[in-house]
Amino acid sequence: MLDETPKRFDRIVAILIQLQSKKIVKAQELADRFECSLRTIYRDIRTLEASGVPIYSEAGVGYALMDGYRLPPVMFTREEVSSFIAAEKLMQKFTDPSLGTHYASAMYKLKSVLRSNDKDYLSNIESRIVMQDAEPMFNDNSPNTLAVLFESIAEKKQILLSYKTFGKDELTERNLEPVGIFHDNNNWYFLGYCHLRKDYRQFRADRIQNLKKTELDFTIEHEALETYLNKTENCPTTKVRILVEKKIARYLTSERKYHGFVAEKEVDDKIEMTFMCRSMEDGFPRWFLMFGDYATILEPESLKKRILELLEINRQRLI
């Protein structure tokens with residue numbers, strides 16, 4: 001029979017570290033992380049308590065350590081050390097300057113507790129990992145967008161936003177209550193309650209011209225970000241079927257998910273793709289034009305008409 005003792009020991013130590021990382025930790029959260037039963041988590045918690053770790057619990061809430069209890073600094077494995085470098089490189093390219101500076105400061109502190117051999121190991125990797133420049137994710141007029149949004153969400157303070165909508169020259173100003181931030185299709189977005197529109201709206205970070213936190217408190221107790229994103233995903237959709245040549249179809253796999261892709265099948269020497277599309281006016285039609293000379297629209301007719309309209313606009317511009 002396989003000895004589970006080492007595995008259990010590692011899990012118990014990891015549970016203790018997680019208890020130090022948060023104010024409250026739920027049993028289900030631990031069970032999900034370690035892919036074990038709640039019964040196993042309860043047993044491990046009792047083991048920690050029996051060893052003298054001061055844990056208190058509240059039914060339906062979770063577990064917490066008594067204030068003031070801390071373990072000495074833990075040592076990192078080499079795999080964990082490697083992950084720090086990957087995270088640092090990503091932070092340098094995919095966050096705003098303010099968060100990047102704070103993260104760099106945190107990394108110096110983290111590196112300071114590493115063993116000498118691990119510092120050498122880290123240096124050898126660090127010099128051989130490069131993140132290539134990407135398209136700007138933030139407007140030069142609002143370089144610390146993410147940092148301001150983080151503060152606003154944490155402190156539940158409204159923001160004053162100056163925003164430029166795609167295709168329009170004028171700016172709009174509005175007070176918002178940010179609900180959450182997410183990254184999608186190589187762009188940062190945030191979703192917030194707009195006091196101007198009296199509804200929830202989504203904003204793209206690179207279109208923000210100015211952003212500042214105010215002293216106005218939130219007026220609404222907002223649900224989790226996933227709740228609103230799921231509602232967006234459940235918006236009305238239109239079924240789209242296209243037939244694409246195989247030599248082109250393989251290059252569409254990374255982007256098609258952003259346009260509601262649901263299925264594909266081979267039809268002779270071509271690939272038939274099915275989408276449940278939300279953006280029939282601009283999003284999908286403009287994407288289709290990128291490879292339209294290698295594809296056929298099977299349905300709907302409205303998509304064919306929109307494609308012809310866009311082609312006509314291009315033709316007029318070329319005359």
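The values are calculated or read from the model by the stated rules, or taken from the named source; none is laboratory data. As the structure is a prediction and not an experimental result, all values here were calculated from the model. We place every Cβ from the backbone using ideal geometry, glycine too, and count neighbours over all the protein chains shown. Please note that ligands, DNA and RNA were not included when accessible areas were found on the heavy atoms of the full protein model with its side chains. Shrake-Rupley method; radii C 1.70, N 1.55, O 1.52, S 1.80 Å.
Within segment 106-124, being at pLDDT below 80 and among the small types (Gly, Ala, Ser) holds for Ser112, Ser116, Ser123.
Which one is nearest to Trp188 (Cα to Cα), of the residues in segment 88-113 that are in contact (Cβ under 8 Å) with a residue 24 or more places away in the chain and of a type in the set (Ser, Thr, Tyr)? Within segment 88-113, the match that is nearest to Trp188 (Cα to Cα) is Thr95. Are any of the residues in segment 112-121 open to solvent by less than 70 Å² (accessible area, probe 1.4 Å), basic (Lys, Arg) and farther than 19 Å from Gln20 by Cα? No, every residue in segment 112-121 fails to be open to solvent by less than 70 Å² (accessible area, probe 1.4 Å), basic (Lys, Arg) and farther than 19 Å from Gln20 by Cα. Restricting Arg207, Arg174 to those that are of a type outside the set (S, T, N, Q) and touching a residue at least 24 places away in the same chain (Cβ under 8 Å) reduces the list to Arg207.
Beta carbons closer than 6 Å, at least 6 apart along the sequence or on distinct chains, never pair a first residue in segment 217-234 that is open to solvent by 80 Å² or more (accessible area, probe 1.4 Å) and among the charged types (D, E, K, R) with a second that is in a helix (DSSP H, G or I) and at pLDDT below 85.
Scanning segment 58-81 for residues being modelled with pLDDT under 80 and buried (at least 16 other Cβ atoms within 10 Å of the Cβ) gives a total of 2. A single entry from Ile159, Ile85 fulfils the requirement of being within 23 Å of Leu225 (Cα to Cα), touching a helix residue (DSSP H, G or I) at 6+ places or on another chain (Cβ under 8 Å) and open to solvent by less than 50 Å² (accessible area, probe 1.4 Å): Ile159.
Hey, does segment 127-134 have a residue that's hydrophobic (A, V, I, L, M, F, W, C) and either touching a Ser or Thr at 6+ places or on another chain (Cβ under 9 Å) or assigned to a strand (DSSP E or B) (or both)? No: zero hits. Taking the condition of a type in the set (A, V, I, L, M, F, W, C) and within 26 Å of Lys168 (Cβ to Cβ), does Ile220 pass? No; evaluated as a whole, the condition is false for this residue.
Of the listed requirements (1) at pLDDT 90 or above; (2) open to solvent by 60 Å² or more (accessible area, probe 1.4 Å); (3) not in a helix (DSSP H, G or I), Phe150 misses just one: (3). Somewhere in segment 169-183, is a residue at pLDDT below 85 and either among the charged types (D, E, K, R) or assigned to a helix (DSSP H, G or I) (or both)? Yes.
Considering the conditions (1) charged (D, E, K, R); (2) touching a strand residue (DSSP E or B) at 6+ places or on another chain (Cβ under 9 Å); (3) not in a strand (DSSP E or B), Lys212 is excluded by exactly one of them, (3). Residues of segment 298-309 that are surrounded by 15 or more Cβ atoms within 10 Å (Cβ to Cβ) and more than 12 Å from Met280 (Cβ to Cβ): Leu298 alone.
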